[in-house]
1. Can you tell me which residue within region 280-295, out of those that are touching a Lys or Arg at 6+ places or on another chain (Cβ under 8 Å) and at pLDDT below 80, is farthest from Arg328 (Cα to Cα)?
2. Filter region 698-720 down to residues that are of a type in the set (A, V, I, L, M) and open to solvent by 10 Å² or more (accessible area, probe 1.4 Å) and give me whichever is modelled with the lowest pLDDT.
3. Can you list the strands (runs of 3 or more DSSP E) found entirely within region 72-171 that contain at least 3 residues being within 21 Å of Arg44 (Cα to Cα) and touching a residue at least 40 places away in the same chain (Cβ under 8 Å)?
4. The conditions are (1) under 27 Å from the mean Cα position of the chain (by Cα); (2) surrounded by fewer than 15 Cβ atoms within 10 Å (Cβ to Cβ), and Pro119 fails exactly one of them. Which is it?
5. Could you list, in sequence order, the residues of region 751-769 that are small (Gly, Ala, Ser), open to solvent by 40 Å² or more (accessible area, probe 1.4 Å) and not in a helix (DSSP H, G or I)?
6. Out of the residues in region 329-358 that are in a helix (DSSP H, G or I) and at pLDDT below 80, state the one that is nearest to Gln395 (Cα to Cα).
7. Just the residues that are of a type in the set (D, E, K, R) and under 20 Å from Val521 (Cα atoms), please, taken from region 566-590.
8. So, in region 449-483, exactly how many residues are among the polar types (S, T, N, Q) and open to solvent by 60 Å² or more (accessible area, probe 1.4 Å)?
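The values are calculated or read from the model by the stated rules, or taken from the named source; none is laboratory data. Keep in mind it's a predicted model, so treat the numbers as computed, not measured. Note: ideal-geometry Cβ built from the backbone for every residue, glycine included; neighbour counts use all protein chains shown. In case anyone asks, the SASA skips ligands and DNA or RNA and just uses the protein heavy atoms, side chains included. Shrake-Rupley method; radii C 1.70, N 1.55, O 1.52, S 1.80 Å.
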Amino acid sequence: MQGGGTPRPGAARPATAEPALRVILRRLREIMGEPGDGQSRLDRIVNQIAVLMVAEVSSIYVQRQDGSLELFATEGLRQPSVHQVHFKKGEGLVGRCAELAEPVNEPDAQNHPAFSYRPETGEEIYSSMLAVPILRAGQVLGVLTVQNRTRREYSDEDVEVLLTTAMVLAEHFSTGAVEGIAAPSEPRSAIGAVLSAQKLSEGLALGHIVLHQPRVVVRELLAEDPNEEAARLDAAMATLIGAIDRMLLRGDMARAGEHREVLESYRMFARDRGWLRRMKDAILAGLTAEAAVEKVQNKARATMMRQGDPFWRERVRDLDDLSDRLMRILAGQAGTAASLEALPEDAIVLARAMGAAELLDYDRSRLRGLIVEEASPQSHVAIVAKALGIAAVGQVRGVMERAEPGDEVVVDADTGEVHIRPSSDLILAYSEKARFRAARQEKYRALRDKPAVSRDGVPFSISINAGLLMDVDHLAQTNADGIGLFRTELQFMVSETFPRLDRQTKMYQAVMDGAGGKPVVFRALDIGGDKTLPYLRQPNEENPAIGWRAIRMALDRPGLFRTQVRALMRAASGRPLHLLIPMVSTVEEIDRLQMMIERERTLLMERGGTPPERLYVGAMIEVPSLLHDMDRLAQRVDFMSVGSNDLMQYLFAADRTNEKVAGRYDNLAVPALRVLRDIRRAADRLGVPVALCGEMAGHPVEAMALAGIGYRSISMSAAAVGPVKAMLMSLDVGRLEGVLASWLDEGGRAPGDMRAALVGFANDHGVSL
């Protein structure tokens, strides 16, 4: 730890951070045991911190009941400013520290854009500042700062010492020793609340809150006997590793390959000697085993979160999960929230954040819904929630603070609402809605074995979209005609490391076997944009949606594409193989990929392998440039598949992942339907089969419009098969084609609101929506 100013008289500077930490912890413990009021203790504490850290200023800001941060004690700033200086959360560097709940380390604080000058403090002579949050039970209680005149960035050791000191202060605050500090665990109101949410996976769920791996609050920070704490840590580590080893031996891990990889990486992390050494060093400095785990977790988390790479953000989740498991063992709470014994029959899981593999821990027969405060529709957990078919919502601000375990809750993913502790009348209304949905689903199940033929005899092919091995079961449940889009990237997204050739081969083979001879269209790896891999470093792009992704990445890194093609060919082994290429923008890209595909087929045969009985290569129509080169494209592919999600956002220049502009276009707008009709007409003219696999095919009104402009092959989520099939069987396609032609043809009179007009047509002609 480097000195930032002139040492105070009599202050001996420890040679390393850990001795300094031991001295600070011992002095804090002595001060907390001394007589006097809370204010006098804080005054002595800041004095000791300044002395022992060789800082010219040490200050404590306390978060008051109204959320503001008040200067409560200082050594070095002007004393009259105590209790007079306030910062709003987010205001100044102190407010920024409280808002981010992580350290702020600024060598030139005065010139930082967030700096907020308070002349009454006299701090204009100090350049460097280190501020750390005072956290308790996940809540910010205040901010602890040190300052020096010398312009310097405080070392990692400085940050570590101050964070640990803040932990001890938080314990002091939680006892109520300082008047005016908000309690860290104030009882929540029994009054119900309605929170806005973002849909992750459609559906409706009623049940009771179950916290996802609730955090253990460390009550005792200072150790009486370091040797005893070290022994407790060793025993807990052995229990943790043993539990992970047993999970890996469970029979269901063989089929849940994605989760197995996560557990393998957890086991490697748990056996990391550096992690154990850092926790033992913290114990030697005077902390309990629980506090040592939390201290090392907080430090590592702060370091990882400063990295912009998605890889490190995923590692934070691993670290949090392992640390929380270890603290539960130390606290005698070895069971997890996902255990079958703890999970009620109507569980609604609530989490601050959650990984895709973590959701797979839960018993699907008891899991009704999911609320993830920080998740987005593009997150990995959202993808898995869709695959499981459970109602799920994200971006629910403040839900963790408002809900208690066991609270009744309603999750309406369709409307984007979460009702916490709803009234009896509201529960009755939603129960009726749930029964109505169940009755509709029963009606759809009755259509399972009936062909998808319209009222006037037009046949349709309905396939499902999939991405995980568990999705293949939906093929039999819906009796769909096949898998029209298998998103191979999902296997990569829920894995902790890059899936090797053998693992990919087994996965694709299991999918084909599960399909029972029905066609499966495998989309080549489509990563980039809103889909990132934690282990693959990707550049930061201002507009990733039209950046380095999908086929562009495959062409620049051919090893990724060739390995996947090799695995697909091995998996097919004498069976037909359908390979769909995403994000094609020019036919020359298809030419280059065809050469790679042919090379892999030749190598397979030279090595004695069995190639696919027939290889069908298709192109996704999602980049508008292809619309003007369809003739040449048709000469190079065996089929086409319209990716309406990306095609529409490119057509309207509106990022579908950006909340501010995602609603600025409609799939049923006249330009959209005309483009889709032009694609279908070109494919018919060129003799190339065409399907549509985007999300619009899964909505009855949109699917009705697709039928009216000529699409006969569509693919959708498994949950949408019943409603869309019922719609098609009640539709007179010929009559709708005539109406749409009158609206869309040049010179036609298109309605101002196409969606409303289509709904009106359905109502007038008995179409089931």
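1. Of everything passing the filter in region 280-295, Ala285 is farthest from Arg328 (Cα to Cα).
2. Residue satisfying both the conditions and the ranking: Ala719.
3. 139-148
4. That leaves (1) as the condition not met.
5. Gly752, Gly766
6. Step by step, filter region 329-358, then rank; the result is Ala356.
7. The answer is Arg566, Arg570, Arg575, Glu589.
8. In the first step, residues of region 449-483 are kept if they are among the polar types (S, T, N, Q); the result is 454, 461, 463, 465, 477-479.
Filter once more, so that each one left must be open to solvent by 60 Å² or more (accessible area, probe 1.4 Å): 477.
Total meeting the criteria: 1.
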